[in-house]
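All remarks here apply to the structure that follows.
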Amino acid sequence: MDLLPSQDQLDLIAAASDFLESRLPIEGIRQRADDPSAVDPDAWREGAELGLLTLGLDEEYGGSGRLLDDEALLFATLAEHLAPGPYLASTLGARVAAQCGDLPLATAIGEGSTLVGLAELRGDGCIGPDSIKGTFDLIDHAGAAYLLVASRQGTALVRATQFPDIGDLPSADPGSRLATATVDAATVSHWLPAETDPLWLRGTVLAAAGLAGLANALTTMSTEHAKLRVQFGRPIGVHQAIKHACADMAVAADASRSQMLFAAVCVQSGREDAAFQAYAAKAVATKAAIGNGAATIQVHGGMGYTYEHNAHLYLKRAHLLAHLFGEPAEVLAELLDQGAPQ
Amino acid sequence: MDLDFTDEQVEFRDEVRTWLAENKPREQRPDDAAGIREYDLGWQRTQWDGGWAGIAWPTEYGGGGLSLTQQLIWYEEYAAQGLPGIDATFVGLNHAGPTLMTRASEEQRAFHLPRILRGEAVWCQGFSEPDAGSDLASLRTRAVIDGDELVINGQKIWTSFANIADYQELLVRTDATGSKHEGITWAICDMRLPGIDVRPITTIEGGAEFCEVFYDDVRIPLSSVVGTIGDGWSVAMSTLSFERGTAFTANQVRLAKIVEDLIDFARDHLGPDGRRPAIADDQIARRLAEVRAAVASLRAMTYVGICDAMRTDTPGPRGSMLKLVYADLCKEIAALGMDIVGADALRRTSRWEPNGWVGYYYYAFSQSIGGGTSEIQRNIIGERMLGLPR
């Protein structure tokens, strides 16, 4: 039994962090706010070259063949740096292509030359092996050749051309792009059934990992501010009202990180309670990231209420991730439907 | 990363599972003081006879010397079978015993440690005083050296099981001239000594174990001092670090079983609309799922903590996080239990009986107060983990 990152994993996190800090600094989100795409295409390809999209992909498809806990740590790191771009959809998209035996597509996605956006069914509709139907939120679809459409039964890749009428919507998260599209019978180009690979659970764990990363970054942000900001002649962190808020954030971040790693191992190893652990991870991490986002704005006072400060970017990303791979209420209902954990 | 147990660990788990199933106490725990003593010591004796006493204790002191992973396996199996919590024997096994191991003399260890393990002695903790709660170091119970004895005068409070205890780990002030952390002495107090007056304090749960203890010229031989005169604070702190290290693992693990029991109860018990089971109520269902998720994460944190402790070999302030999460969660589950119980909340029950959710609710308030309040845990996390200024 081991739930601590290995030296190898720590190196991986450090390499990803270095890249994100130098090539995709958070300030870039504000600079690109009016751009159709949230991410600079060159930076996207550089990240892909570094292996950010193919960490968990089998080596025969050009990936690093690493396990889900590595990917989870990477997604936590991406979120800690608010990395823009469709990492989640493209990582899973490469996996769908690979499992369907489409080596060229898997390679193109992995290299960063083909982008995959995310399509989330909102309301009634249908996601099946041949076609999909319904109204979808499209997340980071700009420049994407495919959209990933996931359900508990299986996951589809659908060509972007299958969504004829895309209406751009203002995105609450300045680091992402949002659109809506309704389709009657869009053709599925690749379908990966859940029995072959539980992609829904992988997506759930990676979303949870992102949320856990946000919760952690927010804890650090608040704690550092509490040490530096002086009022009444002392750093505000001496006061229990602030100190305890920071402590609660740290605890929530630790709980969400521990659980998402636990879930990653369970999903990876196909443990019987994998779904239970993944849903628990998403539920815990959602609460932690949104709670810590709200608390961070409060700890920062007036500064926290400004667009210039990063706190709201984290909170907004948290709300975005919360609505991927199941609505929060749905995740709780699924969790309660599971048998007792192993 | 992995969650796999080795072949030996799986074998160990099967052995624990079988032994617990065959030997666990079957009767409900009594709720009177004498009955509790009898019951808890009896179960401790059973564990001793079976070779399972003091699993966390090193073998040189007669314990099981189990690894942290084995302890985790033991606690998980223990909880899964719905066994009683370690209650009247808690202080002996998790405070006094470990303190004696690290700081007591050869003679003191030889006398006391076997008695704790064999289920022959109940220990209680004489730390808190009316004016020294969270600020423990401001304690004032006075001890004056007279010949080869300490003469004690003063009062302790919130002393669980003082009414049935044989011994007490007693913190007294032997010197009031220095800083408050100096001049404290840690002594073994025989609870049958003349001048000791134990008065039960009834708790909101209706429990019979809470007490205050008065000392009127109680004479404790100097040979009962653990460590040296005036060095009691450091002796006491060695106890607390053990407590925050692994002692609460059992409680954390047990919460998982309590939540599953509550979910089962909510399937059977009529809900707020008076027609459908409680679990059909959306709000109750969501809250059940939330505590289920939170308990899962507490378990994951416990696992991470154990991996961490195996790597670093010191119980750091991380234990405070586990204690805090446990306490908050325990109260959240208990409050949810009350809402599921509905109007039956008017009826007093005991947490020791099946579905004793009303008793559990009132008991749960103690969990964020005893063993260091949640506020103190937040201070520790803020200052020692996050480095916030004091």
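Tabulated values for the structure
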| read-out | value |
| --- | --- |
| Magnitude of the charge dipole, the protein assembly as shown, Cβ model with Lys/Arg +1 and Asp/Glu -1, debye to 20 | 1600 debye |
| Computed helical MRE - 222 nm, the protein assembly as shown, DSSP H runs ≥ 4 contributing -39500 (n - 2.57), nearest 500 | -15500 deg cm²/dmol |
| Entries in B:Lys156/B:Lys331; B:Lys24/B:Lys331; A:Lys243/B:Lys257; A:Lys133/A:Lys287; B:Lys257/B:Lys323; B:Lys156/B:Lys257 that, when Cα-Cα distance is taken, lie over 25 Å | B:Lys156/B:Lys331; B:Lys24/B:Lys331; A:Lys243/B:Lys257; A:Lys133/A:Lys287; B:Lys156/B:Lys257 |
| Acute angle (nearest 10 degrees) that the helix B:33-49 long axis makes with the longest principal axis of chain B, alpha-carbon atoms | 90 degrees |
| Cβ-defined net charge surrounding A:Leu55, 9 Å radius [Lys, Arg +1; Asp, Glu -1] | -1 |
| Max mean-square fluctuation residue, GNM over chain B, Cα-Cα springs under 10 Å, options B:Ser138, B:Ser320, B:Ser128 | B:Ser138 |
| Inter-site label distance for A:Leu10 and B:Ala80 at 7 Å from Cα along Cβ, in nm | 3.3 nm |
| Magnitude of the charge dipole, the stretch B:123-230, Cβ model with Lys/Arg +1 and Asp/Glu -1, debye to 20 | 100 debye |
| For A:260-267, mean number of other protein chain Cβ atoms within 10 Å | 3 |
| Among A:Thr77, A:Asn216, B:Ile36 - extreme Cα towards positive end, dipole of the protein assembly as shown, charges at beta-carbon | B:Ile36 |
| Chain lengthening between A:Asp130 and A:Glu59 when straightened (0.36 nm per residue, less Cα-Cα) | 22.7 nm |
| Euclidean distance between Cα centres, the stretch A:291-342 to the stretch B:36-51, Å | 48 Å |
| 1.4 Å probe accessible area per residue over the protein assembly as shown, in Å² | 40 Å² |
| With DNA, RNA and ligands ignored, accessible area of B:Asp339 (1.4 Å probe; Å², nearest 10) | 80 Å² |
| Size of the protein assembly as shown as Cα extents on the principal axes (Å, biggest first) | 94, 59, 50 |
| Net charge contributed by nearby residues that have their C-beta within less than 15 Å of A:Asp69 (K/R +1, D/E -1) | -3 |
| Relative contact order of the stretch B:7-117, pairs being alpha-carbon contacts under 8 Å that are 6 or more residues apart, as % | 27 percent |
| Residue of A:Glu308, A:Glu80, A:Glu71 that the Gaussian network model of chain A assigns the largest fluctuation, springs spanning Cα pairs under 10 Å | A:Glu308 |
| On Cα atoms only, tilt of A:7-23 relative to the major axis of chain A in degrees | 90 degrees |
| Candidates B:Gly51, B:Gly274, B:Gly65, ranked by Gaussian network fluctuation over chain B, Cα under 10 Å, top entry | B:Gly274 |
| Inter-chain Cβ neighbour average for residues A:278-291, partner chain, 10 Å | 3 |
| Label point at A:Glu330 placed 7 Å out along Cα→Cβ; residues across the stretch A:123-143 whose backbone nitrogen lies under 11 Å | A:123-127, A:137 |
| Inter-label distance for B:Arg115 and A:Ala194, nm, one decimal - labels placed 7 Å from Cα along Cα-to-Cβ | 6.0 nm |
| Karplus (6.51, -1.76, 1.60) ³J(HN,Hα), θ = phi - 60°, over the stretch B:150-158, in Hz, Gly and Pro reported as x | 9, 10, 9, 9, x, 8, 10, 9, 6 |
| Using alpha-carbon coordinates, inclination of helix B:106-117 to the longest axis of chain B, degrees | 30 degrees |
| Net charge, B:Val122 excluded, C-beta distance under 13 Å - Lys, Arg +1, Asp, Glu -1 | -3 |
| For chain B: relative contact order, % (alpha-carbon pairs under 8 angstrom, 6 or more apart) | 13 percent |
| Alpha carbon centroid spacing (whole Å) that separates the stretch B:131-195 from the stretch A:16-94 | 60 Å |
| Cα centroid separation, the stretch B:266-302 to the stretch A:216-236 (Å) | 37 Å |
| Zone residues, the stretch B:368-385, relative to B:Ser134, backbone N less than 16 Å from point 7 Å out along Cα-to-Cβ | B:368-384 |
| Which of A:Ser258, A:Tyr146, A:Gln268, positive extreme of dipole for chain A (C-beta unit charges) | A:Ser258 |
| Solvent-accessible area of B:Trp48 with every protein chain in place, 1.4 Å probe, in Å² to the nearest 10 | 90 Å² |
| Length-normalised contact order of the stretch A:1-126 in % [C-alpha pairs under 8 Å, at least 6 apart] | 26 percent |
| Length gained when the stretch B:Glu106-B:Ala335 is fully extended (0.36 nm per residue, less Cα-Cα span) | 77.7 nm |
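The values are calculated or read from the model by the stated rules, or taken from the named source; none is laboratory data. Note that the structure is a prediction, hence the values are computed from the model and not measured. Cβ: placed from backbone, ideal geometry, glycine included. Neighbour counts: every protein chain shown. With ligands, DNA and RNA removed, areas are computed over all heavy atoms of the protein, side chains included. Shrake-Rupley method; radii C 1.70, N 1.55, O 1.52, S 1.80 Å.
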